[in-house]
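Please read the structure below before turning to the comments.
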Amino acid sequence: MKTPSAFYKPLAIGAPDPYRELPVRVERMIHFVPPHIEKMRAKIPALVNQVDVILGNLEDAIPADMKEEARRGFIKMASENDFGATGLWTRVNCLNSPWFLDDVIEIVSSVGNKLDVIMLPKVEGPWDIFYVDQLLAQLEAKHQVEKPILVHAILETAEGVANVEAICGASPRMHGISLGPADLAASRGMKTTRVGGGHPGYRVLGDAEPLESRAFYQQDLWHYTMAKMVDACKMYGLKAYYGPFGDFSDPEACEAQFRNSFLLGCMGAWSLHPTQIEIAKRVFSPEPDEVRMAMRILEAMPDGTGAVMIDGKMQDDATWKQAKVIVDLAKQVAQKDPDMGQLYGFDA
Ligand code: GLV
Ligand code: MG
């Protein structure tokens, strides 16, 4: 590993200094756009005001014979639109593909100053991040990119899950990690064809008698991975994300999956369909009742120490910190979304 003093040095002469802290941004949904389709690119100006992040997808779901068209389409949509405070990301092809190198070289050389984050699929270990880190620094220096382009890894192989802490700590360029349930299921040999969500066969049988009334309790297939990912991310000050939910016909299941991840510590999820934008916005903005309760806790313990009772519930230094997590996030959301600020009861 690098020495602490070398960790934050630019990896190429002329590259921008790495961030020491992630820029503060509300990124509740990463909205996927297929950039080879002109009709989809035409929707970007309207999307900019509806979503927190727009991502041009170059990897899976883009047919092999459209990969170069998608790359060109992304460069076009990045150059022709003003994204304001909305994030601009791309998901490039994976490191061993025939497209990765040109994806990165062409995108950074033409629109590097507009790009916030590169999403890197199928990351297996810190060595993948070291390579991309160095390459990006060289390209940033060559093309006078002014702020560092961040890297967001997808956790979607068994090896990646085993190495998730080392991936998070590999570079100050790391933004966060998304769970990729489809590739991960395949890599692990899980027996499901679903993209995220539960499975009716993954359940525990209750003990009750008589036998015919025994209850089955469906369990969460993703709990272990999500918890492991959240801990690794938080350990390094990064953001954890649930990734894609593939069944567009079941918004309730999508909402339940998103909410589980939010409650467990994730900051957002991918939206692959317009209906998932509103779901993500609702789920990844703290609930107004929860925010009001958290405000009462902070107000009752102005210096964050001691113990008080509120509505029969014990509050102390630890619950003060829990409340602060919720209020801090609500304040960020309110800044981005004044309507939410009103619901939270914050002064305009
Ligand atoms: C996402 O890329 C997934 O594989 O689920
Ligand atoms: Mg994948």
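Values in this text are rule-based calculations from the coordinates and carry no lab data. Since the model is a prediction, treat every value here as computed from it, not as a measurement.
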Once you order the gyration tensor axes a ≥ b ≥ c over the Cα atoms, which shape class does the range 217-281 get: rounded for a/c under 1.5, otherwise prolate or oblate by comparing a/b with b/c?
oblate
Computed over the chain: relative contact order in percent, which uses C-alpha pairs under 8 Å that are six or more apart
14
In the Gaussian network model of the chain, springs joining C-alpha atoms below 10 Å, which of His273, His152, His31 carries the largest mean-square fluctuation?
His273
Going through the cross-link list Lys43/Lys142; Lys281/Lys324; Lys114/Lys228; Lys234/Lys331; Lys76/Lys331; Lys2/Lys331, which pairs have a Cα-Cα distance over 27 Å in this structure?
Lys43/Lys142; Lys114/Lys228; Lys76/Lys331; Lys2/Lys331
Taking the Cα atoms of the range 4-284 alone, what are Rg (to one decimal) and Dmax (as a whole number) in Å?
19.3, 73
At what distance in angstrom do the alpha carbon centres of the range 275-348 and the range 84-130 lie from each other?
35
Cα atoms only: what Rg and Dmax, in Å, come out for the range 47-99?
12.0, 35
Counting DSSP beta bridges in the chain, what percent are antiparallel, to the nearest 5?
20
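So for the range 87-155, what are the equivalent ellipsoid semi-axes in whole Å, largest first, each being the square root of 5 times an eigenvalue of the Cα gyration tensor? Before the final figure, lay out each step's value.
Numbers: eigenvalues 66, 29, 27 Å².
Each semi-axis is the square root of five times an eigenvalue, giving 18, 12, 12 Å.
Using a/c under 1.5 as the rounded threshold, could you call the range 289-344 rounded, prolate or oblate? The axes a ≥ b ≥ c are square roots of the C-alpha gyration tensor eigenvalues, and prolate needs a/b larger than b/c, oblate otherwise. Before the final figure, lay out the partial values.
Working: a/c = 3.09, a/b = 2.07, b/c = 1.49.
The shape class here is prolate.
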